[in-house]
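Reading through the structure tokens given below for one structure.
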Amino acid sequence: MPDENSDNATSYQLVILLRQDCQIQVGALGRFDFEAGYYIYSGSAKRNMTARLARHCRKDKPLRWHIDYLTSHSAAEVVDVHRFNIEECQLNQACPGIIPIPGFGASDCRSGCIAHLKYLGSKRP
Ligand SMILES: [Zn+2]
């Protein structure tokens, strides 16, 4: 998958490292066990991509999206950010990993993704 890293990128992936097993409340979706390891989250921002990515990397923020509950957790860290100019669901479906939490980040998805968060285990992507 090419990392376009271009100014007209509309989608992105976050690589998130969770340093220990955790239980995390993900808003109204519920409370879930998260295994330690690497996660990839696929999202999109039609505008203000740089601000969006900076927000994802901050701990202190209003919890608005499912991903905010993970990225604001004390044991979690965004270790990589990649920008793309392909559609976020294509990006997500081409990404390896298992789906730990059905529905996570996919509230607005119309492309049949079960979730926009994938778990990769202990190997850094
Ligand atoms: Zn999708």
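Please verify whether the range 72-88 includes one or more residues that are of a type outside the set (G, A, S) and without any contact (Cβ under 8 Å) to a residue 24 or more places away in the chain. Scanning the range 72-88 turns up no residue that is of a type outside the set (G, A, S) and without any contact (Cβ under 8 Å) to a residue 24 or more places away in the chain. Cβ-Cβ distances below 6 Å connect the following pairs, each with a first residue in the range 42-71 that is in contact (Cβ under 8 Å) with a residue 40 or more places away in the chain and under 20 Å from C89 (Cβ atoms), a second residue that is within 16 Å of the ligand (Cβ to nearest atom) and β-branched (V, I, T), and a separation of six or more residues or different chains: S44/T10. Looking only at residues in the range 100-125 that are touching a residue at least 12 places away in the same chain (Cβ under 8 Å), surrounded by 16 or more Cβ atoms within 10 Å (Cβ to Cβ) and among the aliphatic types (A, V, I, L, M), the one that is nearest to the ligand (Cβ to nearest atom) is A115. For the range 68-97, a residue qualifies if it is within 25 Å of R19 (Cβ to Cβ) and within 16 Å of the ligand (Cβ to nearest atom), and the qualifying residues are N92, C95, P96, G97. Is at least one residue of the range 41-58 within 13 Å of the ligand (Cβ to nearest atom), closer than 22 Å to D21 by Cβ and in contact with a Leu (Cβ under 9 Å, 6 or more places away or on another chain)? Looking for residues that are within 13 Å of the ligand (Cβ to nearest atom), closer than 22 Å to D21 by Cβ and in contact with a Leu (Cβ under 9 Å, 6 or more places away or on another chain), one finds at least one in the range 41-58, hence yes. Residues that are out of contact with any helix residue (DSSP H, G or I) (no Cβ under 6 Å at 6 or more places or on another chain), loosely packed, with under 15 Cβ neighbours inside 10 Å and of a type outside the set (A, V, I, L, M, F, W, C) number at least 3 in the following strands (runs of 3 or more DSSP E) confined to the range 1-92: 30-34.
Here, each number is a calculation from the coordinates, and none is a lab measurement. Since the structure is predicted, the reported quantities are computational estimates derived from the model, not experimental observations. Cβ sites come from the backbone with ideal geometry, for glycine too, and all protein chains shown count toward neighbours.
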